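The values are calculated or read from the model by the stated rules, or taken from the named source; none is laboratory data. Because the structure is predicted, anything quoted here is derived from the model rather than measured. Because the Cβ atoms are built from the backbone with ideal geometry, glycine has one as well, and the counts that use them run over all protein chains shown.
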Ligand SMILES: Cc1ncc(COP(=O)(O)O)c(C=O)c1O
């Protein structure tokens with residue numbers, strides 16, 4: 001199966017991370033608060049180690065964070081479309097988040113002005129968004145967003161930057177945010193290891209302390225901690241930078257090849273996935289599935305009929321291109 005529906009690197013983990021995984025000591029309990037990984041990433045990001053919390057991936061951290069914030073019955077605004085786990089976690093606790101949706105007619109541009117005017121009119125305790133956005137990969141104007149957060153210090157901004165390191169905004173990793181911003185970062189994407197489950201959150205030390213106190217001990221495995229520690233090294237981050245450059249190039253190549261067979265781009269992606277609308281050609285997705293290729297249909301993001309595909313390597317792109325030509329051009333089937 002060629003799975004283009006999941007956004008993970010097509011090049012696997014950095015070699016230093018693979019080596020660290022092989023050496024992780026599973027005969028002991030892991031450090032309960034991932035001290036070494038926290039120090040290494042805090043040093044890299046210019047933050048204090050107490051401001052970081054590690055967990056089993058961004059999804060796990062979003063659920064823990066939602067659980068903690070839900071205790072105060074907050075009013076929450078989600079900028080959508082977005083990764084849905086935060087909204088889902090709140091909803092399980094009886095909190096229905098309001099929505100501010102980007103418009104497809106506007107290329108799913110991040111609705112900064114709409115957000116500013118909602119915050120002027122209504123009081124929200126929490127705002128949640130993805131930067132870059134998901135599933136469109138659109139850039140979020142982060143300096144302006146930081147300004148908005150600074151102007152609303154009583155609102156917590158939960159900013160999911162899980163794809164920042166695999167996007168044109170990777171250089172914003174060291175950006176300074178106001179203290180009411182919580183950053184959530186998956187490491188599974190950039191390491192190409194979704195099965196490992198590892199990520200971290202950066203927030204003010206009062207919130208991270210509460211979060212650590214509210215969850216089970218040892219919630220980040222020894223494997224996850226070893227990989228996270230190695231991932232902060234210059235060697236691993238050089239690898240991520242090379243992978244990013246290749247994937248951004250291949251996303252453009254993928255978009256061009258899809259446009260040639262009648263797909264329309266829904267947005268200007270800045271990351272390693274693209275959101276497209278297929279040509280009207282019957283059940284194209286089922287036909288691709290029958291050929292062992294999976295794409296992400298986006299009804300659950302409120303975009304029925306749109307597909308998200310991850311950037312591919314050359315061999316994968318050739319396979320997708322051949323399958324699409326075979327389905328869309330019956331003549332090619334007889335005269336390959
Ligand atoms: C924006 C965004 N954040 C977080 C995640 C999940 O990350 P993790 O695998 O670290 O839980 C995803 C998964 O696709 C995502 O799209």
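Look at (1) crowded, with 19+ Cβ neighbours inside 10 Å; (2) within 16 Å of the ligand (Cβ to nearest atom); (3) closer than 18 Å to residue 184 by Cα and you find that residue 76 fails only one, number (2). Scanning region 83-101 for residues that are more than 15 Å from residue 126 (Cα to Cα) and buried (at least 22 other Cβ atoms within 10 Å of the Cβ) gives a single hit, 83.
Tallying residues that are farther than 17 Å from residue 184 by Cβ, part of a helix (DSSP H, G or I) and within 15 Å of the ligand (Cβ to nearest atom) within region 195-229 yields 3.
Only helices (runs of 4 or more DSSP H) whose full extent lies in region 254-336 are considered here, and the ones with at least 1 residues that are touching a helix residue (DSSP H, G or I) at 6+ places or on another chain (Cβ under 7 Å) and touching a residue at least 40 places away in the same chain (Cβ under 8 Å) are 284-290, 314-328. Annotation note: of 19, 24, the sole residue that is more than 14 Å from the ligand (Cβ to nearest atom), in contact with a helix residue (DSSP H, G or I) (Cβ under 6 Å, 6 or more places away or on another chain), at pLDDT 95 or above and over 30 Å from residue 88 (Cβ atoms) is 24. In region 126-138, the residues that are free of Cβ contacts under 8 Å to residues at least 60 places away in the same chain and within 21 Å of residue 252 (Cα to Cα) reach residues that are more than 8 Å from the ligand (Cβ to nearest atom) and outside any loop (DSSP other than H, G, I, E, B) with C-beta atoms within less than 7 angstrom, at least six apart or across chains, in these pairs: 131/142; 131/159; 131/164.
The residue of region 162-187 that is nearest to the ligand (Cβ to nearest atom), among those that are part of a loop (DSSP other than H, G, I, E, B) and surrounded by fewer than 24 Cβ atoms within 10 Å (Cβ to Cβ), is 169. Condition check for residue 36 on (1) closer than 30 Å to residue 293 by Cα; (2) away from the ligand (no atom under 15 Å from the Cβ); (3) not in a loop (DSSP other than H, G, I, E, B): one failure, at (1). What about residue 69, is it buried (at least 18 other Cβ atoms within 10 Å of the Cβ) and within 23 Å of the chain's Cα centre (by Cα)? Criteria met by residue 69.
So which of 328, 320, 247, 275 ends up being over 22 Å from residue 165 (Cα atoms) and surrounded by 20 or more Cβ atoms within 10 Å (Cβ to Cβ)?
320 is the lone residue from the list that is over 22 Å from residue 165 (Cα atoms) and surrounded by 20 or more Cβ atoms within 10 Å (Cβ to Cβ).
When 232, 206, 222 are checked against the criterion of being without any contact (Cβ under 8 Å) to a residue 60 or more places away in the chain and surrounded by fewer than 24 Cβ atoms within 10 Å (Cβ to Cβ), a single residue qualifies: 206.
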